[in-house]
Amino acid sequence: MPDSLALIKSAATHTTCRTAFMAVLAVLVACSRDGTSTTGAASSGPSAASAPKTSLGNVMVQVARRFEIAGRAASANRFELAEFEAGEIEELFEDDVPGAELPKEGPTAHIPAMAKAFLETNAPELKKAAASKDRAAFAVAFQHTASVCNGCHQASAKGFIQVPSEPGSAVPDLDPLPASSAAH
């Protein structure tokens, strides 16, 4: 029975940490937008004015979660799940990213072109690597994808959002920084 209790406590701690991480991520996304609805100035009809666009930040939270799960799944040899998550990322870039509201702060002109290139190259590469059930091929595709994500974050003045290049790591990277880096 003590082993069962320890297992339950461990699961509760993991769930609590995961919930806290998601709450912090949600706050960061909420802080990155002003929360006001569209004014209708650029809308094409009454439904566009009444339904504000989803922010790119909120779409990226979904992408991050799916990218993390894909990496964790591949690390656990659960390639069917990794392929599914890669396909979901592809759908987000196909359906949601193009219509998302761009951030109001920082440079954004590059985002549509980078998102299109991601959809045409990185998303299929990641999905194909997962389908191959080859951990090494998946690790390479994962690293390529993370590199492109980090490049876009840098170009958007959001370099503090770091996507790890190793499958199985938390997305975004929340590993502690050295004291000298954290002070800045």
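The values are calculated or read from the model by the stated rules, or taken from the named source; none is laboratory data. Predicted model, so just to flag it, every value in this text is computed and none were measured. Reconstructed Cβ throughout: ideal geometry from the backbone, glycine too, with neighbour counts over all protein chains shown.
Can L126 be described as in contact with an Asp or Glu (Cβ under 7 Å, 6 or more places away or on another chain), crowded, with 18+ Cβ neighbours inside 10 Å and of a type in the set (A, V, I, L, M, F, W, C)? Steps first, answer last, please.
Working: in contact with an Asp or Glu (Cβ under 7 Å, 6 or more places away or on another chain): no; crowded, with 18+ Cβ neighbours inside 10 Å: yes; of a type in the set (A, V, I, L, M, F, W, C): yes.
For L126, the condition - in contact with an Asp or Glu (Cβ under 7 Å, 6 or more places away or on another chain), crowded, with 18+ Cβ neighbours inside 10 Å and of a type in the set (A, V, I, L, M, F, W, C) - is not met.
Of (1) under 22 Å from G106 (Cβ atoms); (2) part of a loop (DSSP other than H, G, I, E, B); (3) modelled with pLDDT of 95 or more, L177 satisfies all except one. Which?
(3)
From the list E120, E88, which residue is assigned by TED's automatic domain parsing to the domain that holds E166 and within 19 Å of A64 (Cβ to Cβ)?
Details: E120 fails: within 19 Å of A64 (Cβ to Cβ).
Result of the check over E120, E88: E88.
What single numbered condition from (1) part of a loop (DSSP other than H, G, I, E, B); (2) of a type in the set (D, E, K, R); (3) under 23 Å from D96 (Cβ atoms) fails to hold for K128?
Evaluating K128 over (1) part of a loop (DSSP other than H, G, I, E, B); (2) of a type in the set (D, E, K, R); (3) under 23 Å from D96 (Cβ atoms) leaves (1) as the failure.
Tell me yes or no: at least one residue of the stretch 98-115 is more than 15 Å from L56 (Cβ to Cβ), outside any loop (DSSP other than H, G, I, E, B), among the charged types (D, E, K, R) and out of contact with any Gly (no Cβ under 7 Å at 6 or more places or on another chain).
From the stretch 98-115, those more than 15 Å from L56 (Cβ to Cβ) are none; that's our starting set.
Looking through the stretch 98-115, none of the residues is more than 15 Å from L56 (Cβ to Cβ), outside any loop (DSSP other than H, G, I, E, B), among the charged types (D, E, K, R) and out of contact with any Gly (no Cβ under 7 Å at 6 or more places or on another chain).
List every residue pair whose Cβ atoms lie under 7 Å apart, where the two residues are 6 or more positions apart in sequence or sit on different chains, the first residue falls within the stretch 68-97 and is among the acidic types (D, E) and at pLDDT 95 or above, and the second residue, located anywhere, is buried (at least 18 other Cβ atoms within 10 Å of the Cβ) and in a loop (DSSP other than H, G, I, E, B).
E68/V171
Is it fair to say E91 is closer than 18 Å to V140 by Cα and either in contact with a strand residue (DSSP E or B) (Cβ under 8 Å, 6 or more places away or on another chain) or among the acidic types (D, E) (or both)? Give the steps one after another, and end with the answer.
On the way: closer than 18 Å to V140 by Cα: no; either in contact with a strand residue (DSSP E or B) (Cβ under 8 Å, 6 or more places away or on another chain) or among the acidic types (D, E) (or both): yes.
The answer is no for E91.
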